[in-house]
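To start, the structure under review is shown below, and the notes come after it.
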Amino acid sequence: MQQALEQFVPKQAITPLMTLLDHEHLTIKVKKERKSKHGDYRSLPNGFHQITINGNLNPYRFLITTVHEIAHFEAYKNYGKHIKPHGKEWKRTFQHLMLPFLSPSIFPSELLPLLARHFKNPKASSDTDIDLAYALKQFDAPNDKTYVFEVPEGTAFKLYNGRVFRKGNKRTKRYECLELKTGRLYLFNPNAEVEVLE
């Protein structure tokens, strides 16, 4: 498993990560990109546990996502299956597991303050932390995607599924966007990735 993961995470992270994954009933699989999630954790009917991570993530996002999913496994193991998926037990577990990785030998110095702030109260997805998500995106391979908050108001954009929207006003945190085909309004998180059309 170590050789399989070495290509996906920062070099200095591999040894502590392998320690976290050292459970005989836990497997990890690298998957093709899934638009709706970076990774997931499942307790299988046979008593085994499986983590899947998208293989297209940059090394820092891959590491954070992997530890996020290991935290689900550890919280399940320690607190049982009736806890909230991203409740206080998972948050404490995620904070504890992530702490050894928050080091300049693993993460670039510009990410460390953002990570420290994020892990004071980790969210269900690092994507909901706009500053951290934007900073992590700087380490992605170049693509034609733009965050909604970067799109000028009134500009049309397309989602991965082909649906076309026009960006409108910002509400408290999210943006109103009009689907051009149906005329319906939708709210978009600022860091939803889209393809600008105009």
**Message:** Between segment 119-198 and segment 1-66, how far is it from one alpha carbon centroid to the other, in angstrom?
**Reply:** 26 Å
**Asked** With a ≥ b ≥ c the root eigenvalues of the C-alpha gyration tensor of segment 146-196, is it rounded (a/c under 1.5), prolate (a/b larger than b/c) or oblate?
**Response** oblate
**Request:** Over 24 Å between C-alpha atoms is what I'm after, so list which of Lys37/Lys173; Lys137/Lys173; Lys31/Lys137; Lys84/Lys145; Lys120/Lys173 land there.
**Result:** Lys84/Lys145
**Prompt:** Which far-off residues, 5 or more places away or on another chain, put their amide H under 5 Å from the one on Leu180, with H placed in the peptide plane?
**Reply:** Val164, Phe165, Arg166
**Complete:** Where a ≥ b ≥ c are root eigenvalues of the Cα gyration tensor, a/c under 1.5 meaning rounded, otherwise prolate if a/b exceeds b/c and oblate otherwise, segment 84-175 counts as prolate
**Prompt:** How much mean residue ellipticity at 222 nm does the chain get from its helices, if each DSSP H run of length 4 or more adds -39500 (n - 2.57) and you divide by all residues, to the nearest 500 deg cm²/dmol?
**Reply:** -8500 deg cm²/dmol
**Prompt:** Each residue of segment 44-58 in turn: what ³J(HN,Hα) in whole Hz from Karplus with 6.51, -1.76, 1.60 and θ = phi - 60°, glycine and Pro shown as x?
**Reply:** 8, x, 7, x, 8, 10, 10, 10, 10, 10, 5, x, 8, 6, 5
**Prompt:** For segment 117-137, list residues with backbone N below 20 Å from a point placed 7 Å from the Cα of His96 toward its Cβ?
**Reply:** 118-124
**Fill in**
Which of [x] 18.2, 53; [y] 19.0, 59; [z] 18.9, 63 is the computed Rg and Dmax of the Cα atoms in Å? It is [x]
**Item:** Those trypsin sites (Lys or Arg not before Pro) in segment 1-89 that DSSP places in a loop and that have at most 12 other beta carbons within 10 Å
**Value:** Lys32, Lys35, Lys81
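Values in this text are rule-based calculations from the coordinates and carry no lab data. Bear in mind the structure is a predicted one, so any value in this text is a computation, not a measurement. All Cβ positions, glycine included, derive from the backbone under ideal geometry; neighbour counts span all protein chains shown.
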